[in-house]
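Right, one structure below, let's go through it.
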Amino acid sequence: MGETAAQAGRDTLVKIRGLEFSRGDRVIFDGVDLDILRGKVTAVMGPSGTGKTTLLRLIGGQLCPDRGSVQVDGLEVSRLRTGELYALRKRMGMLFQSGALLTDLSVFDNVAFPLREHTDLPESMIRDLVLMKLQAVGLRGARDLKPAQLSGGMARRVAMSRAIALDPMMIMYDEPFTGQDPISKGALVKLIRLLNDALGLTSIIVSHDVQETAEISDYIYVISQGRVMGQGAPDEIERTDSGWVKQFMHGLPDGPVPFHYPAPDYRDDLLQT
Amino acid sequence: MLDWIRKLGRGGLRLFGKLGRGGLFLMATLGGIPAVLRRPGLLVAQLWSVGVLSLALITLSGLFVGMVLGLQGYNTLVDFGAEESLGVAVALAVVRELGPVVTALLFAGRAGSAMTAEIGLMKATEQLSGMEMMAVNPIHRVIAPRYLAGILSMPLLAAIFSAVAVYGGFFVGVGLLGVDDGAYWSQMQAKVDLYEDVWNGVIKSLVFGLVVTWIAVFEGYDTVPTSEGVAGATTRTVVHSAFAILTLDFVLTAMMFGDY
Amino acid sequence: MKQNKTTELLVGIFIVAGLAAMFVLAMQVSNLGSLNQGDSYRVTARFENIGGLKVRSAVTVSGVRVGRVSAINFDNKRFEAVVSMSIDRKYDQFPEDTAASIFTAGLLGEQYISLEPGGADELLADGSEIDLTQSALVLEKLISKFLFSQTSDSGR
């Protein structure tokens, strides 16, 4: 805790305070405080359905918090006008779970899409830029393929090169490792770290793949039931004495989160006719 | 009983909610049209998939509708010795009613459902969200070009349908059944009015274009992002469009030809 | 974004075809082709009864159409219908004592105005009024007249 408070200055890119958000009757966040530091890879972990994707959408301004504040680079996201929000989004990249590539465009045109939408660069320069971005993720050779011809891991790498097309200040990764085979997982892990350090990015990874995420992150938040359950550098989290965090990090079947859904006594239930 | 009333209330609320969302959505779409006009390339791509790809269906349907009208009209008129009026009968039926209505129904089935499915899938695969996060407004980039293309295509397609149908009637009536060539055209020209008939037909098809395309893009945008959601939205596009076309056709006809 | 050349071409063809179809509907199918507005002059005629005559009904001479009815008004003082006709400028040699009658095309057809040129030296010009008119035949009047004469014949 002390470390966070000390670093919370101009080094904090994303600052979340007292965040509350609910969908209908379901409370998703109930007072969450988060700090994402510049230049670091920060992981937000938690079981499925804890609203990790929602958190990214709140940072990206696609959703508005019910209460509390979400500040990105000193700007209160929910108070921005549309134009200001769009200007901020140009400095953010987001990697969706499915990649979210535009299916009617080729790989090349997908990476060129943000450049063509937001700049008036000549076609020759766009070509150079796109090839550089594709080279960074190792898919320069796949430029003429359509998204439907790509494997899941390749689609995510194309989406990564699209996300860095405008040289953003940060990238948000939504479940980057889900459903990937070990080789593409390894490639993605390496790429996230590499891009972060080479381009001076700030990365936010939302995931429940504990091992891969812990491997590359500088700081980890564990969220459950709308609250931050634990935080710290990976080795601190590893040594935590919070029972819940331990259970989550090590994937134990039973613990503070019971294996059994609440039910009446087993024997009574069986004997009851 | 109380339950039934509550169900009715819930249905009503859902209906009004949808109408409200649809209205706001339409406003946003219209707001995106200037952006489309600055980038005609986007419009051309949509005119291709909405207009050009519907052309074969519309032309063939027009031809056969005209031929059937020629055949049916001839058999009815010949009993009164009035087969010379075949041209008028075919032209009025096609220009006033069948051209706009049948074209709109075919358009809803061909282009409207495709539009809904495409937009729905883009939503389901987070492409629309992705665009938003790339600071690109999906309503300007994806919806508005489709909407404009639909509005522009419908009157053109309806005019093609009507013109082809008149020649289809000509082919059957004059070519096969022996109606006098001159009588076919001259009677038609004497009785079909440019403003009353042709222009009103164009207005009808324009209105159908506005409504059908609106339903198609809105159902796509408002879809529940799952495969069942997209399937349901596609069906709704066709059903709601057909219903809207036929209802509006009655209203427009009453307004245009009714007041005398 | 790059546009495929064939796409552009076919979209162009589509738009041209649509506009051409509208042009065909206007010129070939509707009455625009046979209507020369602007190059015409107006004459009026008063009728006691115009029957089913409508604006845009034909004005003919010897069965050839020379113009159209452009307006139908009612004279509130003389209780007569005032019919304005616009007649093609090509046909400007009608004598002033030309007569106008309302006839029906066929038994159930539309009503139209037939002009019968007289023999005067002066010609009809823009704004002239035709004095010799014959109203539309109203079928009911005709039948009642016929029946009346029948019954009065048999009563004698």
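Things to note:
- Hits in the stretch C:110-143 (condition: open to solvent by 70 Å² or more (accessible area, probe 1.4 Å) and over 19 Å from C:Asp88 (Cα atoms)): C:Glu110, C:Asp121, C:Asp131, C:Leu132, C:Gln134, C:Leu137, C:Leu139, C:Glu140, C:Lys141, C:Leu142, C:Ile143
- Any chance B:Val207 is open to solvent by less than 10 Å² (accessible area, probe 1.4 Å) and assigned to a helix (DSSP H, G or I): no
- Complete set of residues in the stretch A:43-53 that are farther than 19 Å from A:Gln211 by Cβ and either surrounded by fewer than 19 Cβ atoms within 10 Å (Cβ to Cβ) or basic (Lys, Arg) (or both): A:Gly49, A:Thr53
- Selection status of B:Glu83, in contact with a Leu (Cβ under 7 Å, 6 or more places away or on another chain), surrounded by fewer than 24 Cβ atoms within 10 Å (Cβ to Cβ) and more than 10 Å from every other protein chain (Cβ to nearest Cβ): yes
- Of B:Leu71, B:Leu42, all but one fail to be crowded, with 18+ Cβ neighbours inside 10 Å, among the hydrophobic types (A, V, I, L, M, F, W, C) and in contact (Cβ under 8 Å) with a residue 60 or more places away in the chain; the exception is B:Leu42.
- Test for B:Phe171: is it surrounded by fewer than 22 Cβ atoms within 10 Å (Cβ to Cβ) and in contact with a helix residue (DSSP H, G or I) (Cβ under 7 Å, 6 or more places away or on another chain): yes
- Restricting attention to the stretch B:86-97 and to residues that are crowded, with 24+ Cβ neighbours inside 10 Å and in contact with a Leu (Cβ under 9 Å, 6 or more places away or on another chain), the residue that is farthest from the other protein chains (Cβ to nearest Cβ) turns out to be B:Leu86.
- Checking A:Gly226, A:Gly251, A:Gly255, A:Gly230 one by one, the residue that is among the small types (Gly, Ala, Ser), within 15 Å of A:Pro47 (Cα to Cα) and in contact with an Asp or Glu (Cβ under 6 Å, 6 or more places away or on another chain) is A:Gly226 and no other.
- For the stretch B:162-179, taking the residues that are at the interface with chain C (Cβ under 8 Å from one of its Cβ atoms) and touching a Gly at 6+ places or on another chain (Cβ under 7 Å), the one that is nearest to B:Val78 (Cα to Cα) is identified as B:Val166.
- Condition met for A:Leu75 (hydrophobic (A, V, I, L, M, F, W, C) and touching a strand residue (DSSP E or B) at 6+ places or on another chain (Cβ under 8 Å)): no
- The condition of being in contact with a Leu (Cβ under 8 Å, 6 or more places away or on another chain) and farther than 22 Å from B:Gly62 by Cα holds for only one of B:Leu157, B:Leu148, B:Leu106, that being B:Leu148.
- Within the stretch A:44-103, restricting attention to residues that are free of Cβ contacts under 8 Å to residues at least 12 places away in the same chain and among the hydroxyl-bearing types (Ser, Thr, Tyr), the residue that is nearest to the other protein chains (Cβ to nearest Cβ) is A:Tyr86.
- Among the candidates A:Leu95, A:Leu19, residue that is at negative phi, of a type in the set (A, V, I, L, M) and within 15 Å of the chain's Cα centre (by Cα): A:Leu95
- In the stretch C:15-71, the residue that is farthest from B:Ala149 (Cα to Cα) out of those that are modelled with pLDDT under 85, in a strand (DSSP E or B) and among the polar types (S, T, N, Q) is C:Ser40.
- In summary, helices (runs of 4 or more DSSP H) completely within the stretch B:34-134 and bearing 2 or more residues that are over 14 Å from the mean Cα position of the chain (by Cα) occur at B:40-47, B:53-77, B:86-92, B:113-124, B:127-133.
- Cβ-Cβ contacts under 6 Å between residues 6 or more apart (or on different chains), taken from a first residue in the stretch A:107-136 that is away from every other protein chain (no Cβ under 14 Å) to a second residue that is part of a helix (DSSP H, G or I) and open to solvent by 50 Å² or more (accessible area, probe 1.4 Å), are listed as A:Leu131/A:Arg140; A:Leu134/A:Arg140.
- So B:Ala144, is it within 13 Å of chain C (Cβ to nearest Cβ) and open to solvent by less than 10 Å² (accessible area, probe 1.4 Å): no
- The condition (being open to solvent by less than 20 Å² (accessible area, probe 1.4 Å), touching a residue at least 12 places away in the same chain (Cβ under 8 Å) and farther than 26 Å from C:Ala26 by Cα) is satisfied by just one residue among B:Thr103, B:Thr116: B:Thr116.
- Members of the stretch A:185-236 found to be open to solvent by less than 40 Å² (accessible area, probe 1.4 Å), in a helix (DSSP H, G or I) and touching a residue at least 40 places away in the same chain (Cβ under 8 Å), listed by number: A:Ala187, A:Leu191, A:Ile192, A:Leu195, A:Asn196, A:Val210, A:Thr213, A:Ala214, A:Ile216
- Qualifying residues in the stretch B:180-202 (those that are open to solvent by 10 Å² or more (accessible area, probe 1.4 Å) and assigned to a loop (DSSP other than H, G, I, E, B)) - the one farthest from the other protein chains (Cβ to nearest Cβ): B:Asp180
Yes/no matrix, rows are residues, columns are (1) touching a residue at least 12 places away in the same chain (Cβ under 8 Å); (2) touching a strand residue (DSSP E or B) at 6+ places or on another chain (Cβ under 7 Å); (3) over 30 Å from B:Ala89 (Cβ atoms):
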residue	(1), (2), (3)
B:Met133	no, yes, yes
B:Val142	yes, no, yes
B:Tyr147	yes, no, yes
B:Met154	yes, no, no
B:Ala159	yes, no, no
B:Ser162	yes, no, no
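The values are calculated or read from the model by the stated rules, or taken from the named source; none is laboratory data. What you are looking at is a predicted structure, and each value in this text was computed from that prediction instead of being measured. Virtual Cβ from ideal backbone geometry, glycine too; neighbours counted across all protein chains shown. Remember, those area values only see protein heavy atoms, side chains included, never the ligands or the DNA or RNA. Shrake-Rupley method; radii C 1.70, N 1.55, O 1.52, S 1.80 Å.
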